[in-house]
Structures are given as C-alpha cells and as structure tokens.
Amino acid sequence: MLLSVLALVGLAAACGDLYHSHARDTHAEKREYPQFPLTSPYRPLVWGDFNVIHTTDTHGWLLGHQKSSWPEPNYSGDLGDFASFVTHMKQIAVEKNVDLLLVDSGDVHDGTGLSDGYPPGGVDAHESNKFLERLPYDVMAIGNHELYVYADTYDMYTNFVPQLNGRYLSSNVNITVFNSDGETVSVPVGNRFVKFTTAKGRRVTSLGALYDFTGNSVNTTVQFVADMVKESWFAEAIGEEPDVFVLVGHMPVSYDNWPVVFNAIRAAHPLTPILIFGGHTHIRDCQQYDGRSMALESGRYMETIGWMSANLGAAQGNSNNISFTRRYLDQNRVTYQYHTQTSNSTFDTSYGRSITTGLEDLAEQFDLSYLYGYAPQDYTLSRNPYPSNGSVLSLFVDDAAPTALAINNSRADIPNILITNSGELRFDVLKGEFTKNDQLTALPFTDSFLYIPNITFSIANQVLPALNGAGASDKKKRATLEMEMWRRGYVDDRYNAWLKEMFWRAGPGSRAEMSGNLTLGYVTTDSCPGSGDDTLHTAVPYYSSPDYIGSAAPNVTDDTAIDLVFINFIASDVVTVLNTLQNTKNYTESDALLYSPVLANQILELYAQAKWN
C-alpha cells in the first residue's frame, strides 16, 4: 500500500495473540516449557575485536510473534528476552576483552497493538517506546514511520530523543518547532552525527541517514542524501579520522544511496573501516562496498536480530581487507540460549523479566486481548495463491468487506463491484483467536469506502483489469509510479520480490527434501561471503498477487446500473481509469460519495463477530 495515506490516517497494526488477562501466566509457562520444537542455530557466532548487534523495522512487535502457525514460533521471543540476551552478550564481550555495540535503524512506529492500540488522545508508540528506552542502545536512527504524523515526530523529539543522550541520529531529517522566543525553527529531530569512544578505547563516528523519503508530514523535512553529503556539517563530522565509522540509518543496503554516503567518506578516508547498518525493505541483506567495509540489513518485525563482527586491530596501519562476519539470528529464546550458553533456568535476567511484564501490562491496558471470534484456518498474504480459500486477500474482498459494508447500509441491495489495493492488508490472519490485536496487525489503516453510483456494469467490470494492466505502453508510467510509491514509503514490492526469489532458489526438489526436517523460515542469499542465516529452514512458499483486487462480478446484464465501490486510497486511480473506459461523463474525485461509515480497520472485526462466533 502506498504509505502516503499514513500522513492522513495514522497507522495501527499489531502482533500475536498472547495478550489476555492471563498473559503473564502463559508467558511464564512458555519460559519453563517451550511450546514449539524450535530449531537451534547450527554454529556459534564468530566474534571479532569489534562486534555489533543490530535491530531494525521493529514496528512495535515488542511482545514477539505468538501464533502457533509456522513460521511464527521462530520469532516468538519478546523484548524482555532480547534484553536478557544483550545483557549476557555484553558480559561475554567483557570476558573476551572486545567491543560490543547495540544499534537500531529506525521504524519503531506502526505495526502492533502495543504501539498503535492506544486509547483516544494518545500518541502512537509513546508508551511502547518507553521499553525501547530501557535497552542499552549505543546508536539509534530515525525511520520514515516516525514521520508520517507530526504528533509522532514531536513525541520522539520531546520524549524519546532526550533519553538517548545524543545517540539518536537524524542526519537529514528536521522538525519545525517553536523556540524559546515563540518563533518557528527547523531543527534536527535528533543529532546529525555523534562521536564517542568504546569500552576498548576505539574512536567511533556515527551518522544516521534516512533514504530519499517524500511522504513525511507537514512541519518535517527530509533532505535527499546526495544533498546531505555536500553540507558543511557533514564535512566537519567526517573531517577527523576515527578508528571506525559506524553508519546507522533507515536506508536499504542494496539499490539505494548508502554508496553515496560511503563514497563521500572514502574520498576523505580511503582506508578507515566503515560498518553500515541499514533498514526499510524488511529483508535480510548484506553488501561489501570494498574490502574494508560491510553493510547489513536485518529484516523486520522483530523476526531477525543482526550480528556483525570485524577484526579492526589486524587492519590498523595497513591496507589489507578486514575480516568481517555477519549473521541473521531468528528472534527466539532457543537462539538466545544457544549463543549465550544458558538454559531456561539461567537465561532470564530480572531486567529482562521486568520488560516482559511491563509490556504485558501495557497490552492489558490497551485491551488487546478483546476477542472478536475464532479464525477457522490460516489466511495468508503470500503463502497461498490469490484467489484461493487460504488467501487473506480473498477473505477480505470476497467475504469480509461485503459482509461488513452491508451492515445498516441502505445501498446494500444495489449490485456493486468492490475494488481495493492488495496492500491494504498488512499481515496474515492466522488460525485461532482473532482479537483486537490481530485486527490491528492484519489491517491497520483507517481508510474509508467510497462509491460512484449508476455506472453501467459493462464499464464497471473493466475497471479492475484496467487498474492491473501493465502493457508495454504503460511500462514508463508504471516505473514512474513505482518510484513515487517507493519514495512515499511503499516497501512491499522489494520484500515480496525477495520472498519470491528465495522460494524460487530453494527449488521444488530442495523443498521436498528439507521440509521433513526443517521448519518454514527465511533461506537467505546475499552478496557477502558464506552463509548468513543462523538457523537452517525450508523456504516459505510465495505466491504473487495483483496490485488491485476486486469482488466477484454481480449476476446482472451489461446495461445494469451498479455501484462502483472502492477504498478512498485508490480514488484517483479509479477515476482516471473510469474516464479512459467511457466518455459519457468526465468523473472527478468529488463524484465519489461515502459508501459506509465503516472504516477499513473495522472490516475484519465486524466479519469475525458475524461469522466466526
């Protein structure tokens, strides 16, 4: 979904279903008796003299993935588990006499009930961010989801950023605020850069760039990366050579502008080690721009914890390539215990447990366990083909939306065709309890449904195919649209292409051979040497879906006047296509009327209450 809508609606989404009044007891039981046979990592981490743990695109998934359908159990750790892991790893670093940093590349808003399920009058992620503050992050960077709603950005500026003591970076992102004289000024949300010294005495310079994002709210500004590196402050920041540059920003490490930043630094410091930690596309990825650098991207939704190690000592005073390793860790307690050589009885710290307890209390305060019904099966975004009985897109457009929109609707008896963009759905609906939290996970957007009346069926029935049309004559227009969508925050194309390639690489023979022994999960191929995945899996099935989806055509004659119903987010697209299909009237968006007071993020809950009880 083109995320420009977020500036208007504010996002909400959510994670698993372990949010009930008895959640704490259930979670404690999970700790003592793991409910799923999780696969352990197959080799220890490789430590260097300089090591980094990386998170990105957590989107509020701080209580982890708690559904039982695979691959969800592989990501069932929570932020308290992660905090205990970091504590143990910090101690191991002390024992090894090496450096260990903790960094995050942004997007802490928009994705779970913990961040987005706040009561009226609240601010997205204000409460959930209080738990991220408790982690010993050395550097954090701003993401595009911190910028869709000004109130969210301002909350970060006034409440979150001060907790990082100068370590929250927004190198090319400003916010407009009132100064002490009541005048408006544009200032960095965090710091443009930071310099610090590690426990082992290494001098670090960090910058935190956001990719060329254009979907930000009013009173925030994002400077394009190519312009940022020409600024005098940038030259000042990189002027003094550190022992290592640690760049942490919300920008993909492939097919984006990290090389622009990298090359600007290399022009001044040809041999200084450069470690880059990116984000945004939700994938596992790694690049090496030269032999003395590595760039890592570590997935999404607290599914993946990134690890990078480097032997910087061996690289001092020479031009030799640096020895790097990288690893993508599944975010669960089995992973954590393996790498810290602990057990269920020795792994938890009181600090970690207190974070888990606090998050569970927050889930209870937000009433995230409110039950709408019981999903009879899994409905997935891409693990089942569209259309099919297992597709959440089919569920939405064929059953859920028609059912919910017909409630108390005087136009319910008039034949219609309903069209929406497939990106309206953000996550799977999985078998079992369907709660307020699950609704926020699967469909967070507060979009409305519009209609244009009295469209002849023969014309209305051509709108969906035309929206999905991509003939040769449309390729240039489509490429332009995709670039616009990318700059406004749409990442599904990149993430889905990655899933598709992963499934294709595995091949049917390999999948059949491995599926008996391994659980579903990511099977990563990137551009860095060796294997990056920490745990072996069989690739998750992937089926593509069209950009736009629609309900079944009503059984009427070609000249029957029907309602053309569509989500307001695609109103411009629908009107444009409609005018190419007929010349009786030149339609504008003002011809679209409100079809129902029901918003998109209410559809599944109303359907569950009607059909899943």
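Yes/no per residue for (1) out of contact with any Phe, Trp or Tyr (no Cβ under 6 Å at 6 or more places or on another chain); (2) among the aromatic types (Phe, Trp, Tyr); (3) surrounded by fewer than 18 Cβ atoms within 10 Å (Cβ to Cβ):
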site: Glu231; (1), (2), (3): yes, no, yes
site: Glu236; (1), (2), (3): yes, no, yes
site: Gly239; (1), (2), (3): yes, no, yes
site: Asp243; (1), (2), (3): yes, no, no
site: Leu247; (1), (2), (3): yes, no, no
site: His250; (1), (2), (3): yes, no, no
site: Tyr255; (1), (2), (3): yes, yes, yes
site: Trp258; (1), (2), (3): yes, yes, no
site: Val261; (1), (2), (3): yes, no, no
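Hey, can you tell me all the residues within the range 487-504 that are at pLDDT below 90 and assigned to a helix (DSSP H, G or I)? Asp492, Asp493 - these are the residues of the range 487-504 that are at pLDDT below 90 and assigned to a helix (DSSP H, G or I).
Within the range 432-471, the residues that satisfy the criterion of being part of a helix (DSSP H, G or I), of a type in the set (A, V, I, L, M, F, W, C) and modelled with pLDDT of 95 or more are Phe457, Ile459, Ala460, Val463, Leu464.
State whether one or more residues within the range 83-103 are within 20 Å of the chain's Cα centre (by Cα) and in a strand (DSSP E or B). Scanning the range 83-103, I find at least one residue that is within 20 Å of the chain's Cα centre (by Cα) and in a strand (DSSP E or B), so the answer is yes.
Find the residue count for the range 454-494, including only residues that are in contact with a Lys or Arg (Cβ under 8 Å, 6 or more places away or on another chain) and touching a residue at least 12 places away in the same chain (Cβ under 8 Å). Within the range 454-494, residues that are in contact with a Lys or Arg (Cβ under 8 Å, 6 or more places away or on another chain) and touching a residue at least 12 places away in the same chain (Cβ under 8 Å) number 0. Residues considered: Val229, Val260, Val218, Val253. Of these, the only one that is closer than 21 Å to Gly166 by Cα, of a type in the set (A, V, I, L, M) and in the same structural domain as Ala310 (by TED's automatic domain parsing) is Val229. Screening the range 336-431 for helices (runs of 4 or more DSSP H) wholly inside it with 2 or more residues that are closer than 20 Å to Phe569 by Cβ, in the same structural domain as Val598 (by TED's automatic domain parsing) and not β-branched (Val, Ile, Thr) returns the ranges 401-405.
The values are calculated or read from the model by the stated rules, or taken from the named source; none is laboratory data. All of these numbers come straight from a predicted model, not from anything done at the bench. Backbone-built Cβ (ideal geometry, glycine too); neighbour counts: all protein chains shown.
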